[in-house]
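What follows is a short report on a single structure.
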């Protein structure tokens, strides 16, 4: 596959990288805020977190469809065009939904837009992943991907804070208008990369299936990567739990609009702290972050389960924000580090699928626990689940040691010679 870089196109590579990362960040502020906005509106109009937990689980389930579509589309279409079209459709849908909700009390349109967005979301994420190779030189891939992974977590939590602020000062549907503004603004920023040359589509009809055969062979050759993908579910799951938790926690604690700002603000602060920490870590030291992250998130939820107060909630969300970024950044960076370049995209989709399958089961259960047993019991149960990631890591580490996270994920020679 031929890859074409930003250099020599009239767009300075550093400028293309900055524009890409800025557009990516702004877009994901909207993505992160959208889930919370839907949760707050549904909770205000139904009085229950159960429906929202089910919807978030369905979001991840429909995301599997989006991932399959994303792979097929990106094998045949220019990644930048896919990213722009996906975001414009999603932004306009959210904008229209917000306008309709200002005029009516119904939630059917909101639910429909939420589920459509669930299919579009992984399509955009896969396209933005593919764009990395067009905006930077090969020697800069590790640095840019590290920034990208960190920015994703920070943007999602910043989106929670942005929506919380809008919820405090305006009618709830205005939150959706703020989300749409971020989605469309991020799209406009990415559109500035349209002068970069497009990647030529593959000339082999079987290329998509050939890539999956390569990935299957790589899994058989390095089975420990399955544990890596399992551990990678912890960070995204914590971010999703925070989005589901914030409205019922704040209602139970009587925090009001300022309580939501405090909870999401502490999660945002935790994510920024984690990004500062990960910048100081070399690759060989990243496993220490994985040891620390799940217990940190579990301890926050356990505190919330044992002490339902606003200060405890702030500390819990601080732990969720910090632990999710530590976990996701360390594991994603190691995944990039250990994987053959031609498999990175497929392995990233596999990680997304693992997260989707895990969340598809966990989040509806979490919503039911919140509705039937309250914040305390639900928090303790999922503190135990997050602690289980540490147990999985400990077992894998005792058997494989450093090879658990660093054994190269490559393509067996017999497969490579056939495709």
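The values are calculated or read from the model by the stated rules, or taken from the named source; none is laboratory data. All figures in this text were calculated on a predicted structure; none of them were measured in a lab. Backbone-built Cβ (ideal geometry, glycine too); neighbour counts: all protein chains shown.
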- Message: Condition first: modelled with pLDDT under 70 and either farther than 25 Å from residue 79 by Cα or surrounded by fewer than 21 Cβ atoms within 10 Å (Cβ to Cβ) (or both). Can you find one or more residues in region 180-197 that meet it?
- Response: yes
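Criterion first (part of a helix (DSSP H, G or I), farther than 27 Å from residue 97 by Cβ, at pLDDT 75 or above and in contact with a helix residue (DSSP H, G or I) (Cβ under 7 Å, 6 or more places away or on another chain)) does residue 147 satisfy it? Steps first, answer last, please.
Values: part of a helix (DSSP H, G or I): yes; farther than 27 Å from residue 97 by Cβ: yes; at pLDDT 75 or above: yes; in contact with a helix residue (DSSP H, G or I) (Cβ under 7 Å, 6 or more places away or on another chain): yes.
So residue 147 fits the description; yes.
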- Select from region 225-264 the residues that are farther than 14 Å from residue 350 by Cβ, touching a residue at least 60 places away in the same chain (Cβ under 8 Å) and surrounded by fewer than 22 Cβ atoms within 10 Å (Cβ to Cβ) and list them in ascending order. 251, 252, 253, 257, 258, 261
- Task: State whether the residues of region 299-314 include one that is buried (at least 24 other Cβ atoms within 10 Å of the Cβ) and more than 17 Å from residue 387 (Cα to Cα).
- Result: yes
- Item | When residues of region 198-232 are limited to those that are within 24 Å of the chain's Cα centre (by Cα) and part of a loop (DSSP other than H, G, I, E, B), the one modelled with the highest pLDDT | 232
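Hey, does region 248-262 have a residue that's at pLDDT below 80, touching a strand residue (DSSP E or B) at 6+ places or on another chain (Cβ under 8 Å) and assigned to a helix (DSSP H, G or I)?
No - not one qualifying residue is present in region 248-262.
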- Query: Quick check: anything in region 97-105 at pLDDT 70 or above, over 27 Å from residue 328 (Cβ atoms) and either in contact with a strand residue (DSSP E or B) (Cβ under 9 Å, 6 or more places away or on another chain) or not in a helix (DSSP H, G or I) (or both)?
  - Reply: yes
- Query: So which of 417, 410, 388, 376 ends up being at pLDDT 80 or above, more than 23 Å from the chain's Cα centre (by Cα) and on the phi < 0 side of the Ramachandran plot?
  - Reply: 376
- Note on the structure: Of the residues in region 130-143, those that are in a helix (DSSP H, G or I) and either crowded, with 23+ Cβ neighbours inside 10 Å or modelled with pLDDT under 75 (or both) come to 130, 131, 133, 135, 138, 139, 140, 141, 142, 143
- Query: residue 357 fails exactly one of the following numbered conditions: (1) surrounded by fewer than 18 Cβ atoms within 10 Å (Cβ to Cβ); (2) modelled with pLDDT under 75; (3) under 15 Å from the mean Cα position of the chain (by Cα). What is the number of that condition?
  - Reply: (2)
- Kindly provide the set of residues from region 83-127 that are buried (at least 21 other Cβ atoms within 10 Å of the Cβ) and under 16 Å from residue 41 (Cβ atoms), ordered by number. 94, 97, 98, 101, 110, 113, 114, 117
